[in-house]
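Here's a structure for you.
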């Protein structure tokens, strides 16, 4: 088998190729940043595919809503608010009703976040939604690469709700969690104050352990987290499952009592040693599988 | 069966949804235009899929190069030069060698047009490349919707070369046309002067007849073209086959003798009657199939 990171390594040498003065942040973060008027333009691309990111028998409006929401989550992780999107839709459905329902989901989320649809493409094939999102920083862009030793680590909400939602849906159980999977809410309200106080931020899409490890790798630091401080929904696997779309950020301890920060979950601290240690009771847990990889 | 235009109609009501002062041109043209510093940012998205846009046994570097080139063609059609791109890659290949070769094609075209890769996403599935391109207008953006009655219609090169290239490749014949299919060159040199003189422009990706009809529909005009003036490679079906990536533009007759314009192929004229008439010898041909539709 082949891992996503092995594939991404093949692209690594392209990242620094050619210079463009308008590109402030290029590949490697949640989103790219492009010089613009007053506020810089933030852009990210995210693919959601049938049977990988959503089940085969998902409702078309849910496919649309979820695909766009998870793409928007990358903007929130950059401390940016969303402005417009474009969609590359691949679909082999031949019933027009499906497309009408799909656009209903697009319309719902466009209206919810007051977004403009600025373009797209459509082609024939297995259902897949490539969503391009564009926005502008609230205050400043929050990168993955600027966590500092001594920073406190926060997450903005409980883990595992999406995971439970998908299981409940598969088991035909009507619970409040199903919405958490199909219609995740993006924390733009939180993103706004995070962009003011945080040193680094990422959205938890592939599991806390993997996404936190991305902050650590980019910032060349490590982390120590306390299991008991992490709000979970199911069990310890919530830490590596993903589909959370909560934000994980780090900020200086001086903001510990800040009215916004203090409402989030303080789960650990950034360390100089480049390892991630999960303390549970009196033992340290070695998390081998750091998250979800669509190729594994 | 279901047509692409029937599907696009489902999205029509989303086009004018919500307002964004930064969006100067939204959905419906070759690309969107976003307010930026000095020059506005032009953005387009284009999906290339295995077995639809390129054959199954294409070389990975050709898949990369071609997918990016055809996406860049939309910028040329807007009178814009390319600056940076992001890629959403779907692939089910498990051999790393494939990805290394794919990135070689990416690298080649990045260097050829001096582009920066600013981001991307990768997921597991049937091979598909969703390419997002970004650029800035040379002079001004050339839209589809601003052709004027009396405009002369030009194309920038012969039709059917890509079509012949693909056939030659399938028949194992080594000809100069194969490159025209797998490595189409984007006419940015021509795009530059077109952006100065033309009233409307589109790139010929789905066949001259279909793409010209898009200019006519957007501009609420018609066209009369002369078959004998159209440079073709194979036969009359070159007019509807597509894969040309030449530009089709309209401009005022006052530029007929312009040093740049006079080098292109003058194939007809924009008329007030909203029909497209193809004159061949003494007869008028009724082109029923106006181009290529990936859902037909």
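Which order results if B:233, B:274 are arranged by neighbouring Cβ count within 10 Å, fewest first?
Fewest to most other Cβ atoms nearby, the residues stand as B:274, B:233.
Give the calculated FRET efficiency between residue A:185 and residue B:174 to the nearest 0.05, with a Förster radius of 60 Å applied to their Cβ-Cβ distance.
In this case the efficiency is close to 0.60.
Run the numbers on chain B and let me know its relative contact order in percent, using alpha-carbon pairs under 8 Å that are six or more apart.
Dividing the mean separation by the residue count of chain B yields 21 percent.
Let me know the shape class of segment A:1-145, please: from the alpha-carbon gyration tensor, a ≥ b ≥ c as square roots of the eigenvalues, rounded when a/c is under 1.5, otherwise prolate if a/b is greater than b/c, or oblate.
Oblate, since a/c reaches 1.5 and b/c is not below a/b.
Using helices alone, what [θ] at 222 nm do you get for chain B, with -39,500 (n - 2.57) per DSSP H run of 4 or more residues, divided over all residues and rounded to the nearest 500?
Mean residue ellipticity, 222 nm, calculated: -8500 deg cm²/dmol.
Please build a GNM for chain A, connecting alpha carbons under 10 Å apart, and tell me which residue among A:277, A:87, A:236 fluctuates the most.
Largest GNM mean-square fluctuation: A:236.
If you don't mind, there's one more thing I want to ask. Using label points projected 7 Å from each Cα along Cα→Cβ, tell me how many nm separate residue B:274 and residue A:97, to one decimal.
3.2 nm
For residue A:21 and residue B:111, FRET efficiency with R0 = 25 Å and r from the beta-carbon atoms, rounded to 0.05?
Rounded to the nearest 0.05, the efficiency is 0.90.
Spin-label point model (7 Å from Cα, Cβ direction): what's the residue A:254 to residue B:263 distance in nm?
Here the modelled spin labels are 6.1 nm apart.
For B:96, B:41, what ranking results if the residue with the fewest other Cβ atoms within 10 Å of its Cβ goes first?
Starting with the residue having the fewest Cβ neighbours, the order is B:96, B:41.
So for the protein assembly as shown, what percent of the C-alpha to C-alpha distances run longer than 34 Å?
The calculated P(r) of the protein assembly as shown puts 42 percent of pairs beyond 34 Å.
Let me ask something additional. What average count of beta carbons from other chains do you get within 10 Å of the Cβ of residues in A:7-19?
The mean count of partner-chain Cβ atoms within 10 Å per residue comes to 6.
Relative contact order of segment A:152-285: what whole-number percent is it, with Cα pairs under 8 angstrom and at least 6 residues apart?
Computed value for segment A:152-285: 40 percent relative contact order.
What is the order of A:201, B:10, B:248, A:216, fewest Cβ neighbours within 10 Å to most?
B:10, A:216, B:248, A:201
Quick check: the distance between the Cα centres of segment B:234-251 and segment B:42-104, to the nearest angstrom?
Measuring centre to centre over Cα atoms gives 21 Å.
Read the figures in this text as sums done on the coordinates, not as results from a lab. It should be emphasised that the depicted structure is a prediction, and the values quoted were computed from it without experimental measurement. Heads up, the Cβs are rebuilt from the backbone with ideal geometry, glycines too, and the neighbour counts pull from every protein chain shown.
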